[in-house]
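Undergrad: Could you have a look at this structure, given as structure tokens, before my questions?
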Amino acid sequence: MNADRLFAAVAGAAVIFTTLLVVIIATEPSRLQRARAEAKGNGIERGASLYHDHCRSCHGSRGEGVGQLGPPLANITFFTARLPEVGWPSTLEAYIFATLEHGRLMGTRPIYAGNGSTAVMPAWLDRYGGPLRSDQIQAIALFIQNYEDSALGRITLEPLDLEEIQPHDPKILSRGREVFIRSCAGCHTFHDINTAPAAGPDLSNIALPASDKSESSEPENYIHESVLIPEATIKKEYAEQAKTSPCGAILTIKELRDVSTYLLQ
Amino acid sequence: MTLPSTLPNDVPATTVLKVKGASHSRTSFLLHLRPKYYPSLSIYCRATWLLGFFSVFFFVLESITGLILMVYYVPTPGEAYSSIGRLITEIPFGWLIRDLHRLGGEAMIVVVTLHLLRVYIAGAYQQQRRMTWVTGIGLWLLTLALAFSGYLLPWDQLAYWAVTIGTSIADTIPFIGQTLTTILRGGSSFGAEGLLRFYLLHIIALPTIFLLLLAIHYYRVIRLHGISFVQGPGSDDRTSCDAKNLERQTFFPQIPLAELFLSLVCLIFLTVVATWFYNAPLQHHADPLHTPGQTKAPWFFLWLQGALKLGDSFVIGICLPLTGLLLFTLFPYFPSNTAKQFNPFYRKIIFVICSMTLIGLTVLGLPRFGVTLNPAAVILLSFMPEESTSRFHAIGFDNLPQGIYSTNQSYAELPSQLQTLLNDFSVALRELPDTAIDGNIQGILMIEDWQADLKRITLRIHRQAGPNLNTPTSLEKQLYLHRKQPRISPTETSSHER
């Protein structure tokens, strides 16, 4: 090819390339904005499922709180009054981060005092011994902040009711039974397991009161609360026993879940 | 300059007819790289399909985009993934640089491989070209190694598991295997150390060796023996320098202009693809505790994954490929009295056999679901995959009205895509093994408004007790869906954005 024609070809290609770049540069600001919104949406999605896995047992599956286990997060107090209450000087986002990363050794309100022997909320960041990475904490924080609209009443969400499924996995049930015999049977009776001197109530029909008392929350949460914070749910008939031999046992979270499933089967 | 004669088995440079006006250009380094004259035939496109040029083009493109990426990338497990995320959400044109780097890298593998095959088919690996052939294979291996080491850096599930699987092949080497993988990974599994090692390999060690080899390779091609020509009537494909090829083309201005033109065309093509047709993948953050449902080697190593399914990892994954490679590299040095290795016919036969094997193995290497999963779980997973966007995302936030829907009813008022999905769900359920016998199976889809702009979607498969089943069983999976979704593809978004 001769030089002139080549030169023309180069010039043509350069014009096309420049046009292309101009188009990309012109659309970049809106693209960045969209990418940010999408990344945030994606973070909220991931945060929602992490919340489901790690937080709902204490804060309720819709952030409504569970008795004395954990405070509600989807309410107006949390979004408007909480920061002044604890004297937090910075943003709500920073408050959520700090709380999640370090957990809480002691509750800041008397009713969330726990049973005095463990942190009321464990640390969540892996660096402090928790199970979550910082990007996961970030996602959960996005999710919690997204409660704002419903908490402040800007939108209303109608809950649907689909019966929870009870996993009848025989492995879980037999593990739960073992935990019960080891840790609870000293005070409680459950169907055929009745070696107890009846220090505590018979739990054979616990499924009923459990689902009544925790209207908005899941029945297993009632059992968790009874074991973890016995003062929270004292039954009148057992007031005496509750003083001398309060409900409770030292369990891993998995054992607690197994035994709850066993009792609610 | 005595470099050529110090390399083994080569004819000293002086005996080679120099066609390229070399003697004038000793004074300048640049002219040393680019001689004043080229034989006309050598710049004829069909001679090489310009594959050598394109290989260098991609190497330069990778270097430039790579340097820019290095400004933003942080090679630690805590930061790597989010620094890639920032490229997409915070840094203007970050996505473009990343896409170009990724596309360019994959294209470079293709181009370099084609270059190698072209040389092989043309038989251009004989006599003085033997050493060039060896350096060429070195460059090809380095290209693969660069691609493999770069694969880990985004630190997502895809990267983490592909590279973990890749390095585990080395585990099977007797005696030194364990040590080797430990050195590569910086421990028994990838962590901060391993990521740093791969990063340094990717940005320093491998590119430096690449440049050195490229210098030798290029020197030999330009200075020593020229390029080989397409076999034409009456010409032996081993010659490059017979008199009729001596017609010359001056370097300036034609050749730089032509190269500029080709580079621009390539850049335009890559930019258009990156902007409208391609997004470099980024899955969830790497999680050493969670092996994804299907792990997959990078596509250029799928053949190896396929081969590993056939038998012992050490023999099939290491010995065979290494022997093959060694043969391929060194065969030009074998005593050539049989002349068979230079016979174009045999060459082509071998080529066809080898490429068929590679393609077959690659197909074999494609992942399938682990057979151990419960079939009902597979159905749920197909509607709610772990990594890729789900069908619910494609249907779109606004087309998913709150409600509880069962596969046993039909809902005429629902958006049609959702009806199709429900229908597909019930078809999938009916195909479950044993459904015909105990009949009573139901799929439930629950869509809840969960938060502002967020829905929770639950898919449940419920089976009543029947002749085959003592207790009813239920299995469910959940997914959250936010209103703001990455564009899946232009056609899908346009339908749900209104």
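Undergrad: Run down B:Leu142, B:Leu117 and say which single residue is assigned by TED's automatic domain parsing to the domain that holds B:Thr291 and within 26 Å of B:Arg98 (Cβ to Cβ).
TA: Only one candidate qualifies: B:Leu142.
Undergrad: Quick check: is even one residue across the stretch A:105-123 surrounded by 17 or more Cβ atoms within 10 Å (Cβ to Cβ), of a type in the set (Ser, Thr, Tyr) and over 22 Å from A:Leu228 (Cβ atoms)?
TA: No, the stretch A:105-123 contains no residue that is surrounded by 17 or more Cβ atoms within 10 Å (Cβ to Cβ), of a type in the set (Ser, Thr, Tyr) and over 22 Å from A:Leu228 (Cβ atoms).
Undergrad: Given the criteria at pLDDT 85 or above, surrounded by fewer than 14 Cβ atoms within 10 Å (Cβ to Cβ) and among the hydrophobic types (A, V, I, L, M, F, W, C), does B:Phe351 qualify?
TA: Yes, satisfied.
Undergrad: If you don't mind, there's one more thing I want to ask. Restricting to the stretch B:166-181, and then to whatever is surrounded by fewer than 17 Cβ atoms within 10 Å (Cβ to Cβ) and part of a helix (DSSP H, G or I), can you tell me which residue is nearest to the chain's Cα centre (by Cα)?
TA: So the residue we want is B:Ser168.
Undergrad: Sticking with this structure for a sec: Quick check, is A:Gly116 in contact with a His (Cβ under 9 Å, 6 or more places away or on another chain) and either at pLDDT below 85 or of a type outside the set (Ser, Thr, Tyr) (or both)?
TA: no
Undergrad: Does B:Thr372 meet the test of being of a type in the set (Val, Ile, Thr), surrounded by 13 or more Cβ atoms within 10 Å (Cβ to Cβ) and modelled with pLDDT under 85?
TA: Considered against the rule, which asks whether it is of a type in the set (Val, Ile, Thr), surrounded by 13 or more Cβ atoms within 10 Å (Cβ to Cβ) and modelled with pLDDT under 85, B:Thr372 comes out as no.
Undergrad: Name the single residue, out of those in the stretch B:291-329 being among the β-branched types (Val, Ile, Thr) and in contact (Cβ under 8 Å) with a residue 12 or more places away in the chain, that is farthest from the other protein chains (Cβ to nearest Cβ).
TA: Once the filter is applied, the top-ranked residue is B:Thr329.
Undergrad: Assess whether A:Ala26 counts as being assigned to a helix (DSSP H, G or I), aliphatic (A, V, I, L, M) and either farther than 30 Å from B:Phe261 by Cβ or in contact with a Pro (Cβ under 8 Å, 6 or more places away or on another chain) (or both).
TA: When the stated conditions are applied, A:Ala26 does not pass them.
Undergrad: Looking for whichever is outside any helix (DSSP H, G or I) and either farther than 27 Å from A:Arg154 by Cα or polar (S, T, N, Q) (or both) here; the options are A:Ser90, A:Ser49, A:Ser57. Which one fits?
TA: A:Ser90
Undergrad: How many residues are closer than 18 Å to B:Arg483 by Cβ, away from every other protein chain (no Cβ under 13 Å) and of a type outside the set (Asp, Glu) if we restrict to the stretch B:380-399?
TA: Number of matching residues: 4.
Undergrad: For the condition touching a residue at least 12 places away in the same chain (Cβ under 8 Å), surrounded by fewer than 16 Cβ atoms within 10 Å (Cβ to Cβ) and not assigned by TED's automatic domain parsing to the domain that holds B:Gly123, what is the one hit in B:Pro281, B:Pro344, B:Pro288, B:Pro332?
TA: B:Pro344
Undergrad: Another question, if that's okay. Applying the selection to the stretch B:132-146, what residues are within 11 Å of the chain's Cα centre (by Cα) and either outside any helix (DSSP H, G or I) or crowded, with 21+ Cβ neighbours inside 10 Å (or both)?
TA: Matches in the stretch B:132-146: B:Thr143, B:Leu146.
Undergrad: Quick check on the stretch A:130-137. Is at least one of its residues surrounded by 13 or more Cβ atoms within 10 Å (Cβ to Cβ), part of a helix (DSSP H, G or I) and among the aliphatic types (A, V, I, L, M)?
TA: Yes, because at least one residue in the stretch A:130-137 is surrounded by 13 or more Cβ atoms within 10 Å (Cβ to Cβ), part of a helix (DSSP H, G or I) and among the aliphatic types (A, V, I, L, M).
Undergrad: For residues that are in contact (Cβ under 8 Å) with a residue 24 or more places away in the chain, touching a strand residue (DSSP E or B) at 6+ places or on another chain (Cβ under 8 Å) and within 24 Å of B:Arg86 (Cβ to Cβ), tally how many sit in the stretch A:47-71.
TA: Residues flagged as in contact (Cβ under 8 Å) with a residue 24 or more places away in the chain, touching a strand residue (DSSP E or B) at 6+ places or on another chain (Cβ under 8 Å) and within 24 Å of B:Arg86 (Cβ to Cβ) within the stretch A:47-71 amount to 2.
Undergrad: Quick one: A:Met106 ticks every box in (1) over 18 Å from the mean Cα position of the chain (by Cα); (2) within 22 Å of A:Gly63 (Cα to Cα); (3) not in a loop (DSSP other than H, G, I, E, B) bar one, so which box is it?
TA: Every listed condition holds for A:Met106 apart from (3).
Undergrad: Taking the options B:Glu79, B:Glu106, name whichever one is surrounded by fewer than 20 Cβ atoms within 10 Å (Cβ to Cβ), more than 24 Å from B:Thr143 (Cβ to Cβ) and acidic (Asp, Glu).
TA: B:Glu79
Undergrad: For the stretch A:47-74, how many residues meet the condition of being closer than 19 Å to B:His285 by Cα and more than 8 Å from chain B (Cβ to nearest Cβ)?
TA: Number of matching residues: 5.
Undergrad: Hey, another quick one. For the stretch A:170-192, enumerate the residues that are in a loop (DSSP other than H, G, I, E, B) and without any contact (Cβ under 8 Å) to a residue 40 or more places away in the chain.
TA: A:Ala185, A:Gly186, A:His188, A:His191, A:Asp192
Undergrad: Within the stretch B:251-263, is there a residue that is farther than 30 Å from A:Ile24 by Cβ and in contact with a Gly (Cβ under 6 Å, 6 or more places away or on another chain)?
TA: Taking every residue of the stretch B:251-263 in turn, none turns out to be farther than 30 Å from A:Ile24 by Cβ and in contact with a Gly (Cβ under 6 Å, 6 or more places away or on another chain).
Undergrad: Follow-up question, since we're still on this one. Restricting attention to the stretch B:72-127, report how many residues are polar (S, T, N, Q), touching a residue at least 40 places away in the same chain (Cβ under 8 Å) and either part of a helix (DSSP H, G or I) or within 14 Å of chain A (Cβ to nearest Cβ) (or both).
TA: The total comes to 1.
Undergrad: So, one more: Say whether the condition of being closer than 14 Å to A:Gln145 by Cα, at the interface with chain B (Cβ under 7 Å from one of its Cβ atoms) and acidic (Asp, Glu) is met by at least one residue in the stretch A:35-45.
TA: Yes: the stretch A:35-45 contains one or more residues that are closer than 14 Å to A:Gln145 by Cα, at the interface with chain B (Cβ under 7 Å from one of its Cβ atoms) and acidic (Asp, Glu).
Undergrad: If A:Ala37 passes every condition in (1) buried (at least 18 other Cβ atoms within 10 Å of the Cβ); (2) free of Cβ contacts under 8 Å to residues at least 60 places away in the same chain but one, which one does it miss?
TA: Condition not satisfied by A:Ala37: (1).
Undergrad: If you don't mind, there's one more thing I want to ask. Being over 19 Å from A:Gly47 (Cα atoms), touching a helix residue (DSSP H, G or I) at 6+ places or on another chain (Cβ under 8 Å) and buried (at least 16 other Cβ atoms within 10 Å of the Cβ) is the filter; apply it to the stretch B:455-475 and report the residue that is modelled with the highest pLDDT.
TA: Among those that are over 19 Å from A:Gly47 (Cα atoms), touching a helix residue (DSSP H, G or I) at 6+ places or on another chain (Cβ under 8 Å) and buried (at least 16 other Cβ atoms within 10 Å of the Cβ), it is B:Leu459.
Undergrad: Identify all residues within the stretch A:1-20 that are more than 8 Å from chain B (Cβ to nearest Cβ) and either of a type in the set (A, V, I, L, M, F, W, C) or touching a helix residue (DSSP H, G or I) at 6+ places or on another chain (Cβ under 7 Å) (or both); write none if there are none.
TA: Once the filter is applied, which keeps residues that are more than 8 Å from chain B (Cβ to nearest Cβ) and either of a type in the set (A, V, I, L, M, F, W, C) or touching a helix residue (DSSP H, G or I) at 6+ places or on another chain (Cβ under 7 Å) (or both), the stretch A:1-20 yields A:Ala8, A:Ala11, A:Val15.
Undergrad: Also: Identify the single condition in (1) at the interface with chain B (Cβ under 10 Å from one of its Cβ atoms); (2) small (Gly, Ala, Ser); (3) within 28 Å of B:Ser82 (Cβ to Cβ) that A:Ser150 does not satisfy, given that it satisfies every other one.
TA: With (1) at the interface with chain B (Cβ under 10 Å from one of its Cβ atoms); (2) small (Gly, Ala, Ser); (3) within 28 Å of B:Ser82 (Cβ to Cβ) applied to A:Ser150, the lone miss is (3).
The values are calculated or read from the model by the stated rules, or taken from the named source; none is laboratory data. The structure presented is a predicted model; accordingly, all values stated were derived computationally and were not measured. Glycine gets a Cβ as well: all are built from the backbone with ideal geometry, and neighbour counts include every protein chain shown.
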